[in-house]
Amino acid sequence: MAHIGIVGGGIIGCATALHLLEQGHQVTVIERDAGGLPASVGNAGILAVPEIDPIARPGMLLSAPKWLLDPLGPLTVRWGDLPALMPWLSRFLLASRPSQVARSREALLFLMKTAEADHHAMGEIAGVTGHIRRTGAMTIFDTVAARDKAFTHEAENARLVGCNVETLDAAETRRRIPALKGNFAGAVYNDGYQTFEYPLTLLRRLQATLRERATFIDAAVTSAERGTDGITVRTGAQNAHLFDKAVITAGVWSKTLVERLGLHVHLETERGYNTTFVNPSLTLEMPVFFSEHGFVATPFENALRVGGAVELAKPETAANYARAGAMRRKMRRYVPDLPEDGGTEWMGRRPSTPDSLPVIGLHPGDTRIAFAFGHGHLGLTLSATTGRHVANLLAGTGDQGLAPFSIARFQ
Ligand SMILES: Cc1cc2nc3c(=O)[nH]c(=O)nc-3n(C[C@H](O)[C@H](O)[C@H](O)COP(=O)(O)OP(=O)(O)OC[C@H]3O[C@@H](n4cnc5c(N)ncnc54)[C@H](O)[C@@H]3O)c2cc1C
């Protein structure tokens, strides 16, 4: 059995560490901000198995110009960061070709098929049960035409992933979710979505298990280097940790570590914003997507979280929390009882690749190093599946279906 270092203790790092422990390895997780609030903590908490469409696709490109006109709308670019984002954006445009969209859909479907079972299995490894609720999810539309167009596509995806969708008029939608008192034309209900317990609680429970069963080092990794006697992971000039193998799971910050390993990856930040109301005065019976406006509202046990949208920006660019307020105001059109103020605003960084496929694979020149990052909008959903695959890859039993996720596609 090997001693394996994991760089980054977000949901992907934790899932990978748990699977490696399960295979009997000695595991060390190095996390620079264990009490922090990365994407893995503030996300919408949805097990989104029906979402097998990449973000870059022809329909999305048609909507983008209209969205970009509204600086607080579903999609924005921090224009000062545009030069740095250009290589990623050019690959994003190329990824919207129908042939690549079809490849990405097929690859995402491969991961999604086991996502739910993998989460239950990972829960068992970590001693966590009852953390996923079968809620389904509702998507609200302003026009019947938009609803029916979305239904046709969702029904096709549902057939592939094995779930069911229904079209509903506004009255039936309100019967199922009474808080939706505002005006809308109808909805699509999809029973393939599930809701996690609060994402912060889940991550802290996984991290707590790792603190008991693995070594958890609170430090920032500056580089991972290949040597004849192992992989040296440095946490500052003086501190070096020698491992037999290492996994890079540092979210969007993986890019720099990958470059120091002599490889390249197109990885940028699709930032999202949200507001969390604790002990809210209103409830939703399930997550509600306001897809035409690019956000979602998720009900947790004692909280309601409203947010989403995409802001392309460098990771370190200052947050613009007006975006969180804009989504609250839009939601009040549909849910007039939603409080305007009183919630906690948050910004998180989705680590995103242009083709919406995460990087899950081994270093092409060194099978002692694995990569697991770039899960974009779906990192919570795909975390347990990724962890299982990475453990198998390092054991030399990687699945053939992982070929589209290789880092080699960027070289
Ligand atoms: C608004 C929003 C809503 C979302 N909703 C959903 C959803 O409903 N369902 C879903 O499936 N996904 C969702 N996502 C996506 C999901 O949250 C992410 O894909 C996922 O959390 C990425 O996990 P990660 O572990 O790769 O990255 P992160 O959560 O960013 O974790 C990376 C970790 O690495 C650490 N790190 C970085 N660099 C270093 C270093 N040099 N040394 C040591 N540690 C380091 C960081 O401190 C961090 O803890 C959402 C994301 C956002 C922003």
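The values are calculated or read from the model by the stated rules, or taken from the named source; none is laboratory data. Computed from a predicted model, the values in this text were never measured in an experiment. So basically every Cβ, Gly included, is an ideal-geometry build from the backbone, and we count neighbours across all protein chains shown.
Across region 65-96, the qualifying residues are those that are aromatic (F, W, Y) and in contact with a strand residue (DSSP E or B) (Cβ under 7 Å, 6 or more places away or on another chain), and the one among them that is nearest to G294 (Cα to Cα) is W67.
In summary, G236 fulfils each of the numbered conditions (1) within 14 Å of the ligand (Cβ to nearest atom); (2) free of Cβ contacts under 8 Å to residues at least 60 places away in the same chain; (3) assigned to a helix (DSSP H, G or I) with the single exception of condition (3).
If you check A384, A395 for being touching a His at 6+ places or on another chain (Cβ under 8 Å) and either of a type in the set (A, V, I, L, M, F, W, C) or within 26 Å of I4 (Cβ to Cβ) (or both), only one passes: A384. Whenever a residue of region 363-376 is among the charged types (D, E, K, R), its partners that are not in a strand (DSSP E or B), lying with C-beta atoms within less than 9 angstrom and at least six residues away or across chains, give the pairs D366/L261; R368/A2; R368/D244; R368/L394. Mind listing whichever residues of region 168-188 are over 19 Å from R328 (Cα atoms) and touching a helix residue (DSSP H, G or I) at 6+ places or on another chain (Cβ under 8 Å)? Once the filter is applied, which keeps residues that are over 19 Å from R328 (Cα atoms) and touching a helix residue (DSSP H, G or I) at 6+ places or on another chain (Cβ under 8 Å), region 168-188 yields L168, A185, G186, A187, V188. Taking first residues from region 97-123 that are under 13 Å from T381 (Cβ atoms) and partners that are surrounded by fewer than 18 Cβ atoms within 10 Å (Cβ to Cβ) and at pLDDT 95 or above, the Cβ contacts under 6 Å between residues at least 6 apart in sequence or on separate chains come to L109/L160. The residues of region 272-292 that are in a strand (DSSP E or B) and within 14 Å of the ligand (Cβ to nearest atom), listed by number, are G272, Y273, N274, T275, T276, V288, F289, F290. Under the condition of being more than 6 Å from the ligand (Cβ to nearest atom) and not in a strand (DSSP E or B), the residues counted in region 1-17 number 6. Looking at region 295-311, can you tell me whether even one residue there is out of contact with any strand residue (DSSP E or B) (no Cβ under 6 Å at 6 or more places or on another chain) and either near the ligand (Cβ under 10 Å from one of its atoms) or within 17 Å of R350 (Cβ to Cβ) (or both)? No, every residue in region 295-311 fails to be out of contact with any strand residue (DSSP E or B) (no Cβ under 6 Å at 6 or more places or on another chain) and either near the ligand (Cβ under 10 Å from one of its atoms) or within 17 Å of R350 (Cβ to Cβ) (or both).
Every condition in (1) assigned to a helix (DSSP H, G or I); (2) touching a strand residue (DSSP E or B) at 6+ places or on another chain (Cβ under 8 Å); (3) among the polar types (S, T, N, Q) holds for T269 except the one numbered (1). A count restricted to region 18-40 and to residues that are more than 7 Å from the ligand (Cβ to nearest atom) and either in contact (Cβ under 8 Å) with a residue 24 or more places away in the chain or β-branched (V, I, T) (or both) stands at 13. In region 154-165, the qualifying residues are those that are assigned to a helix (DSSP H, G or I) and touching a residue at least 24 places away in the same chain (Cβ under 8 Å), and the one that is surrounded by the fewest Cβ atoms within 10 Å (Cβ to Cβ) is L160. Starting from region 320-334, take each residue that is closer than 13 Å to L180 by Cα and list its partners that are modelled with pLDDT under 95 and crowded, with 18+ Cβ neighbours inside 10 Å, counting only C-beta distances under 6 angstrom and pairs at least six apart or across chains. Listed pairs, sorted by first residue: K330/H293. Scanning region 236-262 for residues that are over 28 Å from G348 (Cα atoms) and touching a Ser or Thr at 6+ places or on another chain (Cβ under 6 Å) returns A240, L242. Quick check on region 277-289. Is at least one of its residues over 19 Å from A48 (Cα atoms), modelled with pLDDT of 95 or more and surrounded by 24 or more Cβ atoms within 10 Å (Cβ to Cβ)? Within region 277-289, none of the residues are over 19 Å from A48 (Cα atoms), modelled with pLDDT of 95 or more and surrounded by 24 or more Cβ atoms within 10 Å (Cβ to Cβ).
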